[in-house]
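S.K.: Shown below is the structure under consideration.
Bear in mind that the values in this text are calculations on the coordinates, not laboratory data. The model shown is predicted, which means the values in this text are computed figures rather than measured ones. Note that each Cβ is placed from the backbone with ideal geometry, even for glycine, and that neighbours are counted across all protein chains shown.
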Amino acid sequence: MTETRPSAGRLNVDVSPGRTAAALVAGWLVPGAGHAVLGRVWRAAIFFVLVMGSFGLGLAHDGRLALYSPKESFLTGLQLVANFGVGPADVVARMDVYGEAAYNLPDPSAASYRPRIEKFRERQRSAVSAYGTAYLWSAGLMNLLLLMDIWDIAKRRKD
Amino acid sequence: MRSHVAHLVLYSGIIATFFAVLTRRDRREQLRFLGLVWLGMAGGVLLLAYLMLPFPR
């Protein structure tokens with residue numbers, strides 16, 4: 001890392017490919033951390049609060065933790081991307097809700113089908129589930145946008 | 001929280017703040033952009049709701 005000119009609350013650093021990769025990984029693991037790795041600490045803190053706040057609101061309002069279904073592969077696939085964008089927090093949420101890191105809807109003949117689909121439907125029946133889903137998926141999509149922002153900053157396309 | 005309006009205000013606030021910080025660098029510009037996006041989202045929804053008044057379910 002070569003530090004050049006500190007300015008306006010952040011460090012102006014040259015970004016090596018290794019640091020870029022580290023920022024991308026950190027940014028996916030912990031929303032905002034990628035910006036911190038690149039020296040944008042205040043922005044990182046704001047993004048962390050926004051993304052994790054939205055994620056927390058989503059969970060608190062019974063947002064949909066999507067399950068992949070081959071019958072609706074396109075839509076459920078997109079939903080999974082929105083959920084998974086937020087990083088490992090999604091795995092932790094699934095373990096809390098489904099009792100395991102569940103990402104697909106099993107075959108109806110499987111023993112795990114009934115408890116999983118019932119938990120899924122129970123959350124869907126909640127009066128605030130639609131709000132929760134909006135918060136939850138927005139959190140994941142915001143974090144994916146942050147990864148693109150990290151890339152742009154590393155490539156010096158953005159400040 | 002079950003209030004539609006509270007969710008409208010909160011969700012618009014989160015999204016507006018996110019895009020203001022993401023796309024603008026100057027603090028003043030960020031606040032201006034945040035206000036515009038928030039007003040666009042919250043105001044747009046209220047306007048749409050008003051226009052839908054003559055068409056109840």
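S.K.: Looking only at the stretch A:116-154, filter to residues that are in contact with a helix residue (DSSP H, G or I) (Cβ under 8 Å, 6 or more places away or on another chain) and without any contact (Cβ under 8 Å) to a residue 40 or more places away in the chain; which one of those is farthest from the other protein chains (Cβ to nearest Cβ)?
M.R.: A:Lys119
S.K.: Output the residues belonging to the stretch A:28-82 that are more than 14 Å from chain B (Cβ to nearest Cβ), aromatic (Phe, Trp, Tyr) and surrounded by 21 or more Cβ atoms within 10 Å (Cβ to Cβ).
M.R.: Selection gives nothing.
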